[in-house]
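The structure appears right after this line, and notes come after that.
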Number of protein chains: 2
Amino acid sequence: MSNFADVHANSRFAADKMKKNNLFTTERLFCDVYCFEPGQVQTPHSHDGSDKVYYVIAGTARISIGVDEREVGAGVAALAPSGVAHAVTNPGPERLTLLVLMAPKP
Amino acid sequence: MSNFADVHANSRFAADKMKKNNLFTTERLFCDVYCFEPGQVQTPHSHDGSDKVYYVIAGTARISIGVDEREVGAGVAALAPSGVAHAVTNPGPERLTLLVLMAPKP
């Protein structure tokens, strides 16, 4: 595994559901690129003992962290702490690309 | 602390040296925005027991991970694994903004 990764080259989308593309995995974290076509979702879920950060690279994301739901664009980061339900929707009309880092890897 | 943070609003530069701006801190990770004026550096260092990911938001970064040094632009991520020396230089001419995630917080 290289220690360098180009996000654009790793931004693969899928017609049936949002696609997770892994950049790096260690015992302490993983770093992925999540790609959403318009309308695709990551349904509400939570992780006990792991924290996740989303960073919007391109497009618009409707992100919920607990009861706090916001529609945000490129350049916004969101923290989903351990045990707190979180979800993502791409409201469109553009494709949505997120950098995602989770520690530790569940 | 909010669970949402705008990177642009948190991109503060300093004339004397590169500036670290914290977005999120938990017991498992921190997420910062590092801002480098042209010519500013983060000197070589390593962390035992923590992994770091850099993501180039804007500008050009000369990043070394061990013996692998590359000059990269926006959209490239780099992993500095535990114990491996890493460093960053902004070769200019633009300002450099990096998203930085480290797990766990040292």
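Computed about its Cα centre, the charge dipole of the protein assembly as shown is approximately 0 debye, with only Lys, Arg, Asp and Glu carrying charge at their Cβ.
Along the stretch B:71-84 the Karplus relation, 6.51 cos²θ - 1.76 cosθ + 1.60 evaluated at θ = phi - 60°, assigns HN-Hα couplings of 9, 10, x, 3, x, 9, 10, 9, 10, 10, x, 2, x, 9 Hz to successive residues, with x for each Gly and Pro.
Heavy-atom accessible surface of B:D48, to the nearest 10 Å², is about 140 Å², with a 1.4 Å probe and all protein chains retained. Across all Cα pairs in chain A, the calculated P(r) in 5 Å bins from zero up to the longest distance comes to 2, 14, 24, 26, 20, 11, 3, 0 percent per bin. The mean accessible area for residues of chain B, using a 1.4 Å probe and ignoring ligands and nucleic acids, is 43 Å² per residue. The charge dipole of the stretch B:4-106, taken about its Cα centre with unit charges on the Cβ atoms of Lys, Arg (+1), Asp and Glu (-1) only, comes to about 160 debye.
In this simple spin-label model, placing a label point 7 Å from the Cα along the Cα-to-Cβ direction at both A:H45 and A:R12 gives a separation of 1.9 nm.
Across chain A, the longest run free of exposed loop sites, meaning trypsin sites (Lys or Arg not before Pro) lying outside DSSP classes H, G, I, E and B with no more than 14 other Cβ atoms within 10 Å, spans A:18-106.
Counting only protein heavy atoms and a probe of 1.4 Å, the accessible surface of chain A is 49% carbon and sulfur. Applying 1/(1 + (r/R0)^6) with R0 = 22 Å to the Cβ-Cβ distance of A:R62 and B:E94 gives a FRET efficiency near 0.10. Along the stretch A:32-41 the Karplus relation, 6.51 cos²θ - 1.76 cosθ + 1.60 evaluated at θ = phi - 60°, assigns HN-Hα couplings of 10, 10, 9, 10, 10, 6, x, x, 6, 9 Hz to successive residues, with x for each Gly and Pro. Gain on full extension, evaluated as 0.36 nm per residue between B:F4 and B:S82 minus their Cα-Cα distance, stands at 25.3 nm.
Mean sequence separation of contacting Cα pairs (under 8 Å, at least six apart), scaled by the length of chain A, corresponds to a relative contact order of 33 percent. Pairs with C-alpha atoms separated by more than 25 Å, drawn from the list A:K52/B:K105; A:K20/B:K20; A:K19/B:K20, are A:K20/B:K20; A:K19/B:K20.
The values are calculated or read from the model by the stated rules, or taken from the named source; none is laboratory data. Computed from a predicted model, the values in this text were never measured in an experiment. Cβ: placed from backbone, ideal geometry, glycine included. Neighbour counts: every protein chain shown. The protein model used for the area step is the full one, side chains on, heavy atoms only, and it has no ligands, DNA or RNA in it. Shrake-Rupley method; radii C 1.70, N 1.55, O 1.52, S 1.80 Å.
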